[in-house]
Structures are given as structure tokens and as C-alpha cells.
Amino acid sequence: MRPHHLAALAVLPFLVPAVLSAQNAEPRRLDSPFRPPVNFVEQITPPPIPPDVTDDRRVARNYPEQPPVIPHNVRDYQITLNNNQCLTCHSRRFTEAVQAPMVSITHYVDRDGQTLGAVAPRRYFCMQCHVPQTTAQPIVPNTFTDLDTLVSRPSDRGDRR
Ligand code: HEC
Ligand code: HEC
């Protein structure tokens with residue numbers, strides 16, 4: 001190693017603390033869309049939790065395999081070993097009386113591909129897959145485009161040829 005290389009190494013221990021203290025001078029601001037632009041150490045009042053959308057209007061699915069989102073209130077609907085309150089409306093037996101859409105046939109198929117007489121255990125806890133929506137505005141913009149829109153865009157079709 002040449003002498004001036006060694007000299008450069010000797011400066012290192014003095015440089016590192018200098019950089020660190022420059023960082024600590026001001027409390028760090030987190031530049032994140034997930035939190036308000038306040039200093040990390042500041043306490044602020046959290047915004048109120050937005051209410052669920054409960055307008056009873058079924059929402060279009062973004063793709064056929066998507067579990068449809070829940071358009072109604074689900075507060076206090078219980079799911080226990082002996083009782084599944086979602087199924088008191090959505091099972092085949094009760095759909096006529098309450099006019100709820102029936103769970104589809106996939107909900108009767110167990111993991112071995114056997115179609116059972118009742119909802120399969122792996123589809124018992126509905127809200128593992130089905131979720132309500134809230135009135136909150138998305139904090140990150142969503143640029144998802146569904147397939148129907150993609151294939152019907154004339155400019156795209158021109159590009160592909
Ligand atoms: C009192 C009857 C009732 C109960 C209990 C109920 N639902 Fe519903 N559900 C409905 C009806 C009726 C609709 C049709 C839209 C509407 O009127 O809200 C619906 C719609 C839905 C949809 C939308 C279906 C689609 O194709 O868009 C989902 C998903 C759903 N419910 C899931 C659930 C889950 C999960 C639970 C339990 C936490 C539940 N529901 C409990 C009556 C009920
Ligand atoms: C493991 C995920 C999962 C669970 C758990 C689940 N679902 Fe679904 N559900 C789906 C998916 C995916 C679809 C859409 C494709 C399909 O029908 O399989 C769907 C579709 C539906 C539909 C619309 C059916 C139609 O023909 O339009 C209803 C209603 C529904 N589910 C209700 C329920 C209820 C009630 C429960 C609880 C007993 C439940 N689901 C549990 C994934 C799930």
C-alpha cells in the first residue's frame with residue numbers, strides 16, 4: 001500500500017462520528033405516505049376511523065377469482081364452532097328467504113377436491129377472504145387496470161400488432 005492510501009485510512013475514525021452527528025442534529029422526518037408529515041417524536045391526535053360502506057350495493061370484481069367485497073354491515077356477526085352467522089343468510093337454504101347471494105360451489109370443495117354437502121372447513125371463516133370497504137381515501141394511488149379495459153383499449157391493440 002502506498003503511503004497516501006494509509007493516510008486516507010487514518011482519517012476514517014474522525015469522519016464517521018462527524019457524519020453520525022450531522023444525522024442526529026434534527027429529529028428525523030419520515031417521508032412516508034402512511035403517516036402524517038410530523039416529526040417522529042411528536043404526538044398527534046389520530047384521524048377518526050372511517051366508517052364501513054354499507055350501502056348494500058354489490059361491487060364489481062376486478063377479476064373473476066376475486067372474493068367479492070362485503071357491501072353490508074358485519075358488526076357483531078359471530079362465527080363460532082356451532083354457529084356461522086354469515087351462513088344464516090348466504091347458505092343455500094336461506095338465500096330464498098333473505099335474498100342474499102348463495103356462496104358459490106367452490107365453498108363446498110375441500111382441499112382434496114371433494115365436493116361436500118356443506119360449506120368446507122377451509123371456507124368457514126368468511127372474513128379471511130371477504131372484507132368490507134371503508135370510505136377512507138386510498139393513501140397510495142391504485143393504477144390497477146382490469147383485463148376488459150386492457151383488451152378494449154384501441155391504442156394498445158395497435159401497439160401489439
Ligand atoms: C342478514 C342476512 C345477511 C348476513 C347475516 C350476511 N349477509 Fe352478506 N349479503 C346479504 C345480502 C342480502 C347481500 C346482497 C347485497 C346486500 O343487500 O347487501 C349480501 C352480500 C354479500 C357479499 C357480496 C356478494 C357479491 O357477489 O357481491 C358478500 C361477500 C357477503 N355478503 C359476505 C358476508 C359475510 C362474510 C357475512 C358474515 C360476516 C355476511 N355476508 C352476512 C345478506 C347477509
Ligand atoms: C379461502 C377464501 C374464501 C373464504 C374463506 C370464503 N370465501 Fe366466499 N368467495 C371466495 C372467492 C375466491 C369467491 C369468488 C370465486 C368463487 O366463487 O369461488 C367467493 C365468492 C363468494 C360469494 C359470491 C358467490 C357468487 O356466486 O357470486 C359469496 C356470497 C361468498 N363468497 C360468501 C362467503 C361466505 C358467507 C363465506 C363464509 C361461510 C365465504 N364466502 C368464505 C373466497 C372465499
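The values are calculated or read from the model by the stated rules, or taken from the named source; none is laboratory data. On a predicted model such as this, the values are computed, not experimentally measured, just so you know. Neighbour counts are summed over all protein chains in view; Cβ atoms, including those assigned to glycine, are modelled from backbone coordinates with ideal geometry. Side chains included, ligands, DNA and RNA excluded: accessible areas come from the protein's heavy atoms. Shrake-Rupley method; radii C 1.70, N 1.55, O 1.52, S 1.80 Å.
Key figures
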quantity: Selected residue [basic (Lys, Arg), more than 26 Å from TYR77 (Cα to Cα) and free of Cβ contacts under 8 Å to residues at least 60 places away in the same chain] from ARG153, ARG123; calculated: ARG153
quantity: Filtered residues of segment 81-117 (kept if assigned to a loop (DSSP other than H, G, I, E, B), more than 6 Å from ligand 2 (Cβ to nearest atom) and open to solvent by less than 60 Å² (accessible area, probe 1.4 Å)); calculated: SER91, ALA100, ASP110, GLY113
quantity: Residue check, ARG57 loosely packed, with under 11 Cβ neighbours inside 10 Å and within 12 Å of ligand 2 (Cβ to nearest atom); calculated: no
quantity: Residues located in segment 21-39, provided they are farther than 20 Å from PRO141 by Cα and either at pLDDT 75 or above or surrounded by 10 or more Cβ atoms within 10 Å (Cβ to Cβ) (or both); calculated: PRO27, ARG28, ARG29, VAL38, ASN39
quantity: Residue check for ALA136: aliphatic (A, V, I, L, M) and more than 30 Å from PHE34 (Cα to Cα); calculated: no
quantity: Residues located in segment 70-80, provided they are part of a loop (DSSP other than H, G, I, E, B) and not hydroxyl-bearing (Ser, Thr, Tyr); calculated: PRO71, HIS72, ASN73, VAL74, ARG75, ASP76, GLN78
quantity: Cβ-Cβ under 8 Å pairs, at least 6 apart or on other chains, segment 40-51 side within 21 Å of THR135 (Cβ to Cβ), far side open to solvent by less than 100 Å² (accessible area, probe 1.4 Å) and assigned to a loop (DSSP other than H, G, I, E, B); calculated: PRO50/THR135; PRO50/ALA136; PRO51/THR135
quantity: Looking only at segment 110-149, and only at residues there that are among the β-branched types (Val, Ile, Thr) and under 13 Å from the mean Cα position of the chain (by Cα), the one that is nearest to ligand 1 (Cβ to nearest atom); calculated: VAL131
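Quick grid of which residues meet (1) in a loop (DSSP other than H, G, I, E, B); (2) within 12 Å of ligand 1 (Cβ to nearest atom); (3) open to solvent by 50 Å² or more (accessible area, probe 1.4 Å):
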residue: VAL41; (1), (2), (3): yes, no, yes
residue: ILE44; (1), (2), (3): yes, no, yes
residue: PRO64; (1), (2), (3): yes, yes, yes
residue: PRO68; (1), (2), (3): yes, yes, no
